[in-house]
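One structure below.
The values are calculated or read from the model by the stated rules, or taken from the named source; none is laboratory data. Nothing here was measured: the structure is a model prediction, and the numbers come from that model. Here the Cβ positions follow ideal geometry from the backbone for every residue, glycine too, while neighbour counts run over all protein chains shown.
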Amino acid sequence: MMPDLPDVMSMSLHLWMTFALVLVAMWLYASERMPMEETSLWILCLLLLFFHFVPFTTESGERFSPEAFLHGFANPALIAVMSLLILGQAIVNTGSLNAMTGFIFRMFGDNSFLSITVTLLAVLLISAFVNNTPATVVFIPIMLAVAGKLNISPSKVMIPLSYASILGGTTILIGSSTNLLVSGALKSVGHEPLGMFDFTVPGVIIAGVGLVYIAFVLPRLLRDRAPLSSDLMGDEQRQFVIQLEIDAASELVGKAITDENLLGIEDVNVKMLQRHEHAYLAPFDEPIRIRPFDVIVLTTTKKSLVELISAKEKRMFGKIAALNAEVAEGGEGKAENLALAEVLIAPASRMVGQNIEQIGFFNKYHCTVLGIQRRTRMITSRMTEIRLAAGDVLLVMGTREQIEQMRESKDLILMEWSTQELPSARNARRVNLIFGIVIATAAFEIIPIYISAFVGALAVIIMDCLTPRQAVRALDGQIILLVAAGLALSTALEITGGASFIAHSLIEAMHGAHPIWIMSALFGVMAVATNILSNNATALIFTPIAYNASVELGVEPSMFIFAVIFASNCCAFASPIGYQTNLLVMGPGHYTFSDYLKAGIPLAILVWMTYTLYAYMSY
């Protein structure tokens, strides 16, 4: 028999107030009439005030405490997301997954569609056998690096990554914690638990249809949401003049200056080779072998320079080795925590008309000038001989503290948004080790992911892979408040019986209809609920309802049970709180609530229609 309907007379005020707040929250989030943080705070305040002044008594006779609405701030899912954001920042700062990104590009070159589609297919397949949350964590920095290489905004690839992992997690029992919850809930109502591959056939069909949508349709629906810093930095392709001083131990000694891809990095063009008093200018008609103490002048972008520094020995860059020694000796910071920044020569600067050596830039600011950019003409002389002009942009390297000290200079204007930490090979190995341990312990369920991620986040700070300030900057207050408000609404719906009330009312209203259409209608209700409650809460609430509905209708329970799995998992697309992987990509993708609605509703409908058609043909 189906469970009894909630006592509407005794619960109506709290029930309908909860429904009203859910609708208001969804409208405010989607319309963006106020910032997401303000909407979340308003929802929390209204829930707290209402349940305080209008007390609610549970079915067991206990008075409900409104403080339960604040438990979302300490929810394990939120702790996991915050910790993984810190780990992700450490991966980005150290460039620890550059090797894997390089492999993708060696395989597919500059073909953006193939590179991204293969990456999505990889995460989909891995998510089938490993819990999709840690699988997504692994691929977020990889996808960010791929997007960066292809000059694609992260907002075009982060939601597709989350969706691919969700679809992959619904093909095999161990792919998602929701699948295991449904199996356990079945056992509690007296039915056999699910087998490993019981729903693989419909799961693969749904995943295939979803992947086609993700690859061909979704990128056209997502807006280009570049971070504010990208807008401020302007043209990422502008060229800086860079000077390399070759020593006897350099790997470039003996190579021909005309060798293609001499430095192994794109967007690097050699303009001149200086040997003692003689200069060889491009184009080079004959091969010139590089010797110790040669000076190479080249032009490149800031992005390519960061990649060059992280890929090659730092001693290639002249005074960089001296800077490292200065930092270590002076105690002003750690040599590993270097950063690049752009500074503008002010119009009335005393530096105008002087070159870098005459200024004594390194001795004055303890930063090394790596490059000079001048918009009016391309410079082909040695960087140290260039006389500076007002409006020139210097690309400098030093610790963040040393760079920030240049704000006090009247001769320079620090473009603070341009500051970027340099990857450290030693720290990259540490981060890879920590990251591997976090993923392994979570994937094999040795410890929960919120514990492993939290310990991992602390480890990258203790081991100097990330400073505490960088860790704090990695956190997103918007996500924290959104999760807290979403979990508070979920709690209200559960304790007032709102989800069960809707499901029971639907089944009673469709009494006498064909089981396929009842199942499909219940699927639709769960698709909406999973974007409000979360996938796990939806699965736990609706599994006994779906099972009892199938028993009452006299049909095979698997059709209804599989509907719970696919609706709880695959339809959690239209909200960042619907699934944990959606939350993970929200920060890196710079998304708003409306982005999930626009991208997720069509896919949820597509999954709904696909499973209904499959069930109809299999019935």
Notebook entry, point to check: Among the numbered criteria (1) crowded, with 20+ Cβ neighbours inside 10 Å; (2) of a type outside the set (Lys, Arg); (3) at pLDDT below 75, which single criterion is violated by ILE43?
Noted result: (3)
Next item on the list: Can you confirm whether the range 452-475 contains a residue that is out of contact with any helix residue (DSSP H, G or I) (no Cβ under 9 Å at 6 or more places or on another chain), among the acidic types (Asp, Glu) and part of a loop (DSSP other than H, G, I, E, B)?
Entry: no
Item checked: Of all residues making up the range 145-164, the number that are in a helix (DSSP H, G or I) and touching a Leu at 6+ places or on another chain (Cβ under 9 Å) -> 11
Item checked: Residue list for the range 197-215, restricted to those being assigned to a helix (DSSP H, G or I) and more than 21 Å from the chain's Cα centre (by Cα) -> THR200, VAL201, PRO202, GLY203, VAL204, ILE205, ILE206, ALA207, GLY208, VAL209, VAL212
Check: So which pairs qualify, if the first residue must be in the range 328-350 and in the same structural domain as GLU404 (by TED's automatic domain parsing) and crowded, with 16+ Cβ neighbours inside 10 Å, the second must be acidic (Asp, Glu) and at pLDDT 75 or above, the Cβ gap must be under 6 Å, and the two must be at least 6 apart or on different chains?
Finding: GLY333/GLU401; ILE345/ASP392; ALA346/ASP411; SER349/ASP411
Next item on the list: May I ask you to list the residues in the range 562-585 that are within 13 Å of VAL525 (Cα to Cα) and under 16 Å from the mean Cα position of the chain (by Cα)?
Entry: none
Next item on the list: Quick one: ALA74 ticks every box in (1) surrounded by fewer than 15 Cβ atoms within 10 Å (Cβ to Cβ); (2) more than 28 Å from GLN470 (Cα to Cα); (3) of a type in the set (Gly, Ala, Ser) except a single one, so which number is it?
Entry: (2)
Check: Can you name the residue in the range 435-451 that is out of contact with any helix residue (DSSP H, G or I) (no Cβ under 6 Å at 6 or more places or on another chain) and closer than 17 Å to LEU78 by Cβ and is also surrounded by the most Cβ atoms within 10 Å (Cβ to Cβ) among such residues?
Finding: ILE451
Item checked: Enumeration of residues in the range 133-168 that are crowded, with 24+ Cβ neighbours inside 10 Å and of a type in the set (S, T, N, Q) -> THR133, THR136, SER162, SER165
Note to self: Condition first: closer than 30 Å to THR592 by Cβ and touching a residue at least 12 places away in the same chain (Cβ under 8 Å). Can you find one or more residues in the range 180-192 that meet it?
What the structure shows: yes
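Residue-wise test of (1) at positive phi; (2) of a type in the set (Val, Ile, Thr); (3) surrounded by fewer than 19 Cβ atoms within 10 Å (Cβ to Cβ).
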position: ALA509; (1), (2), (3): no, no, yes
position: ILE518; (1), (2), (3): no, yes, no
position: ASN536; (1), (2), (3): no, no, no
position: LEU553; (1), (2), (3): no, no, yes
position: MET559; (1), (2), (3): no, no, no
position: MET586; (1), (2), (3): no, no, no
Check: Out of all the residues in the range 527-534, is one or more assigned to a helix (DSSP H, G or I), in the same structural domain as MET17 (by TED's automatic domain parsing) and of a type in the set (Gly, Ala, Ser)?
Finding: yes
Checklist line | Hits in the range 536-575 - residues which are farther than 17 Å from LEU506 by Cα and modelled with pLDDT under 75 | finding: ASN536, ALA537, LEU540, CYS571
Next item on the list: Name every residue in the range 455-473 that is over 18 Å from LEU338 (Cα atoms) and either acidic (Asp, Glu) or surrounded by 20 or more Cβ atoms within 10 Å (Cβ to Cβ) (or both), in order of residue number.
Entry: GLY456, ALA457, ALA459
Next item on the list: Could you run through the range 78-100 and say how many residues are modelled with pLDDT under 65 and surrounded by fewer than 21 Cβ atoms within 10 Å (Cβ to Cβ)?
Entry: 3
Note to self: Here is a check on your reading of the model: is LEU194 in contact with a helix residue (DSSP H, G or I) (Cβ under 9 Å, 6 or more places away or on another chain) and assigned to a helix (DSSP H, G or I)?
What the structure shows: no
Item checked: Flag for GLY524 being part of a helix (DSSP H, G or I), in the same structural domain as PHE50 (by TED's automatic domain parsing), farther than 25 Å from LEU13 by Cα and small (Gly, Ala, Ser) -> yes
Next item on the list: From ALA226, ALA207, ALA256, grab the single residue that is assigned by TED's automatic domain parsing to the domain that holds ILE290 and either touching a helix residue (DSSP H, G or I) at 6+ places or on another chain (Cβ under 9 Å) or at pLDDT 75 or above (or both).
Entry: ALA256
Next item on the list: Residue by residue through the range 42-55, note down the ones that are within 39 Å of the chain's Cα centre (by Cα) and in a loop (DSSP other than H, G, I, E, B).
Entry: none
